[in-house]
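A short write-up of the structure that comes next.
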Amino acid sequence: MESEKREVREQRFRYGPKEQEELEANEEKLREIGEVARFLPALFCSPTMELGVDISALNAVYLRNIPPTPANYAQRSGRAGRSGQAALVLTYCAALSPHDQYFFRDPKQMVHGEVRPPLLDLANQELVESHLQAVWLACTREPLDPAISRLLVLEDPERPIRPELRDQMGKPDVTAEAVERIGRVLDLLDGELTEKRAPWYPGKEAFAAKVAAGGLASFERAFSRWRDLLLAAETQMAAANAINVSHTARPEEKKAAKSRYLQGLDQMNLLKQGTNNLSSDFYTYRYLATEGFLPGYNFPRLPLMAWVPASTDGSGGKQTFLQRPRFLALSEFGPRSLVYHEGRAYRVVRALLSLSGLDATTPNAELPTKSVRICRSCGAGHFTPERSTCHGCGASLGDADLVNHVYRIENVATQQAERITANDEERQRQGFELQTTFQWAEREGSVDVRKGVAADPDGEILRLGYGPGATITRINKGLRRRANKRQLGFRIDPVSGYWAKNEDEDEEVADPTKAARQWIVPSVEDRKNALLVQPAEPDLDEATLVTLQHALLRGIEAVFQLEEGEILAEPMPTRDDRNGFLLHEATEGGAGVLTRLVSDTTIIQDIAREALDIMHFEVKDLPASPAALVDQQGTTCVAACYRCLMSYFNQPDHEALDRRDPKAKEILLRLARSFTSGLMEEEVLPVRGSTGSPRTEPSGPSPADPRTAAAPLLQRWLAEAEARGLPRPDARGAEADGHVVWRDFFVAAVVGPTDAAVTRRLADKGYQLHRFGDPATWPQTFEALARALAH
């Protein structure tokens, strides 16, 4: 609490006199309440308290931050007063948390707020598969040993699953029972796994058979990371032992080699030592959850691990593996960076490499790397040379940014830092140059992306592209303070994995080998539901794009009651050259939010209104022009503050944030009156060079065509259709050129001027067409359309 008060005092320069008075008054209230609360039995409540605490004499609860939602608040505050007596619930609002400050201004929304149903994307392929694999594992009726080492044949270089375990899991009756039980689970998801929401789903029977038949292979693959970690420890021990037995090695080299040998032995023992304890990273079931084979909402999915050796200062610190979400770990565990653990500093000195495919005996051994072309328009990445145009936006890749020597990092190792220099601290402060890119998933030879536009009667505002299960890749291009900006990446020993020292470091870490250094660009990747957002108006100022990005993100968090960090936003294609931004769901399985932005025609209005409200503007009655937007009473925020758009997590953008930016206000005001329209399935682009059967190339007008779904006539039609209670069209039904489609009914509406070729295609496919021309005749046509949709 004292540290948070100190943060408040340090950040006061961002507030005006009124905010400072409020903060001082709040601190005085805390002192007064503290005097009362210290006489009461109290519980200092964290998120773990939601698991259930029933202490009848408990009279007070202290919440160290605002819970994510009213449901969380009710659960945590309900720990006190369980015997019918009055209870005191004290909640601390952090000054640097926009989430906390939002509810500090309006506490009724939290204390008396609506408890909404939880959001989860039940059409997420990886989420569904992990639960079905748990069903398959239960059907084997084979209890797993807590220690992974006792599940595998360690004497075999491939470390396969033990034969007796494989035989039991591979029995035909296990597969048959799993198919039946998986089918019953899939029946519960019948309304979610539709063709539109889950294009990867081939049907209950086929998918149940696929998961059951592939259960053993997936179980075997889940231990690949553990095998790589064990191999890295063995390689380190072997290299260190070669120096120990060498007759030419110097005493200091043998001493360093002995230390590395013991560290490798510690790593091996930790990997082999599984305990029936959820706090053990290599407890079998916890490990399977982190690897995504089993569902595990309490653990980081597919984390990046950092080996921390036992302390050498006699303080008793034990060796361990630290886990971090991989996108965060790419910088936190970056080459030669400092990691603070249990009061000590450790330096990341080595990448624990997977040596498969690498001949370490040759003098010119090199790690297998990739090259990626990143589109300058939308930021999509292309790791193969087949395409000449971007799969994300269709732009030419002739001038794409080329990043060579990309190598995926899985695990790293540290050593205790003997001393920390001013250069170390400065390097840590400036950090790394990171860039994020994406690839839409490929389904049946086609790029799986649902496109749409947010538009008002004046035209398009935003262009949207939603991709379920998109591959998000983050690359570390080097230190921000490096002298040569054209040289990307870091130098590494391709055999041992030791990073070369930075230019401003005094001494090199002793390496067990003398192999030539190789330049690589470290990367990590994961599969996430993602939404690409690009303003329709080109060449917007940086302040406009930055403000729009964080305003919409805050609006999404408020509308869907999400905690900060559940939805992440990345500038595209780079932070220094923005054309839009990429939103992706950070939570396992997804929050089921981003798909709503392309399937719900009006949700963007709520998000924009909420964003304007957070930015201190009056939104009860929206004005006609952005110049007429007025501040809420008592507002002293100038460009941005921690009560609106600023956040601890968006510090690099603080200087560019400006809630007064005229263009940002104009776009948000237009969005508050806009509708979102999706595109037809024919808009999905084929993958060049793929083996699948490509879908039809789009032959209708491009989204920039004036006859798109942004046309005022179509917007008027959509509003009237909604008012009449017509079934919502398919997520991709509102197509460019005024066609609205209900595929389940084989019915289509043709609104205003349209592309004749698209209309003919619909007629050829057997669609019943209802043409809406003169608005005076719309009532009769709407009646006919309603009758067609009622059958």
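The values are calculated or read from the model by the stated rules, or taken from the named source; none is laboratory data. Fair warning: this is a prediction, and the values are worked out from it, not measured in the lab. Neighbour counts run over all protein chains shown; Cβ positions are idealised from the backbone, glycine included. When the accessible area is computed, the model is the full protein with side chains, heavy atoms only, and any ligands, DNA or RNA have been set aside. Shrake-Rupley method; radii C 1.70, N 1.55, O 1.52, S 1.80 Å.
Within segment 621-653, being without any contact (Cβ under 8 Å) to a residue 12 or more places away in the chain and under 33 Å from the mean Cα position of the chain (by Cα) holds for one residue alone: Gln651.
Only a single criterion out of (1) open to solvent by less than 60 Å² (accessible area, probe 1.4 Å); (2) in contact with a strand residue (DSSP E or B) (Cβ under 9 Å, 6 or more places away or on another chain) is not satisfied by Lys272, namely (1). Taken over segment 592-620, the criterion of being among the aromatic types (Phe, Trp, Tyr) and assigned to a helix (DSSP H, G or I) is satisfied by no residue.
Quick check: is even one residue across segment 383-400 modelled with pLDDT under 90, part of a strand (DSSP E or B) and loosely packed, with under 15 Cβ neighbours inside 10 Å? Yes; the residues of segment 383-400 include at least one that is modelled with pLDDT under 90, part of a strand (DSSP E or B) and loosely packed, with under 15 Cβ neighbours inside 10 Å.
Scanning segment 131-153 for residues that are open to solvent by less than 20 Å² (accessible area, probe 1.4 Å) and either under 21 Å from Ala212 (Cα atoms) or at pLDDT 95 or above (or both) gives Leu132, Trp136, Leu137, Cys139, Thr140, Leu144, Leu151.
Listed conditions (1) buried (at least 18 other Cβ atoms within 10 Å of the Cβ); (2) charged (D, E, K, R); (3) without any contact (Cβ under 8 Å) to a residue 24 or more places away in the chain are all met by Asp156, apart from (1). Scanning segment 587-602 for residues that are surrounded by 19 or more Cβ atoms within 10 Å (Cβ to Cβ) and touching a helix residue (DSSP H, G or I) at 6+ places or on another chain (Cβ under 9 Å) yields Glu588, Gly589, Gly590, Val593, Leu594, Arg596, Leu597, Thr601. Screening the candidates Arg221, Arg162, Arg181, Arg166 for the property of being open to solvent by 40 Å² or more (accessible area, probe 1.4 Å) and closer than 30 Å to Ser446 by Cα yields one hit, Arg221.
Where strands (runs of 3 or more DSSP E) fall wholly inside segment 446-493, the ranges with 3 or more residues that are within 24 Å of Asn124 (Cβ to Cβ) are 450-456, 459-479. Residues that are open to solvent by less than 40 Å² (accessible area, probe 1.4 Å) and among the β-branched types (Val, Ile, Thr) were ranked within segment 614-634; the one that is modelled with the lowest pLDDT is Val619. Checked against (1) touching a strand residue (DSSP E or B) at 6+ places or on another chain (Cβ under 9 Å); (2) at pLDDT 90 or above; (3) open to solvent by less than 40 Å² (accessible area, probe 1.4 Å), Leu229 passes all but condition (2).
Please give the number of the condition Trp717 fails out of (1) at pLDDT 80 or above; (2) open to solvent by less than 40 Å² (accessible area, probe 1.4 Å); (3) outside any helix (DSSP H, G or I). The single condition Trp717 does not satisfy is (3). Here the condition is being crowded, with 24+ Cβ neighbours inside 10 Å, in contact (Cβ under 8 Å) with a residue 24 or more places away in the chain, over 16 Å from Val559 (Cβ atoms) and not β-branched (Val, Ile, Thr); of Ala611, Ala664, Ala656, it holds for Ala664 alone. The number of residues in segment 732-763 that are under 23 Å from Leu597 (Cα atoms), at pLDDT below 70 and of a type in the set (Gly, Ala, Ser) comes to 3.
Every test in (1) modelled with pLDDT of 85 or more; (2) assigned to a helix (DSSP H, G or I); (3) more than 17 Å from Tyr498 (Cα to Cα) is passed by Lys255 save one, and that test is (1). Going through (1) at pLDDT below 80; (2) open to solvent by 10 Å² or more (accessible area, probe 1.4 Å); (3) part of a loop (DSSP other than H, G, I, E, B) one by one, Ala710 falls short only on (2).
Which of the residues belonging to segment 315-358 are aromatic (Phe, Trp, Tyr) and either at pLDDT 90 or above or open to solvent by less than 10 Å² (accessible area, probe 1.4 Å) (or both)?
Phe321, Phe333, Tyr346
Only a single item in (1) modelled with pLDDT of 80 or more; (2) in a loop (DSSP other than H, G, I, E, B); (3) more than 30 Å from Ala470 (Cβ to Cβ); (4) not charged (D, E, K, R) is not met by Thr312, and it is number (1). Evaluating His99 against the criteria (1) surrounded by fewer than 19 Cβ atoms within 10 Å (Cβ to Cβ); (2) at negative phi leaves one unmet condition, (1).
In segment 224-243, which residues are among the acidic types (Asp, Glu) and farther than 12 Å from Met268 by Cβ?
Hit for segment 224-243 is Asp228, nothing else.
The set of residues in segment 769-790 that are modelled with pLDDT under 80 and under 41 Å from the mean Cα position of the chain (by Cα) contains only Ala790. Residue pairs whose Cβ atoms lie under 7 Å apart, separated by 6 or more positions or on different chains, with the first residue in segment 442-460 and closer than 20 Å to Leu531 by Cβ and touching a residue at least 60 places away in the same chain (Cβ under 8 Å) and the second acidic (Asp, Glu) and open to solvent by less than 10 Å² (accessible area, probe 1.4 Å), are Glu442/Asp448. With respect to the conditions (1) touching a strand residue (DSSP E or B) at 6+ places or on another chain (Cβ under 9 Å); (2) open to solvent by 40 Å² or more (accessible area, probe 1.4 Å); (3) part of a loop (DSSP other than H, G, I, E, B); (4) modelled with pLDDT of 85 or more, Cys378 falls short on a single one, namely (2). Here segment 401-416 is the region considered, the condition is being at pLDDT below 90 and open to solvent by 20 Å² or more (accessible area, probe 1.4 Å), and the residue that is farthest from Asp526 (Cα to Cα) is Gln416.
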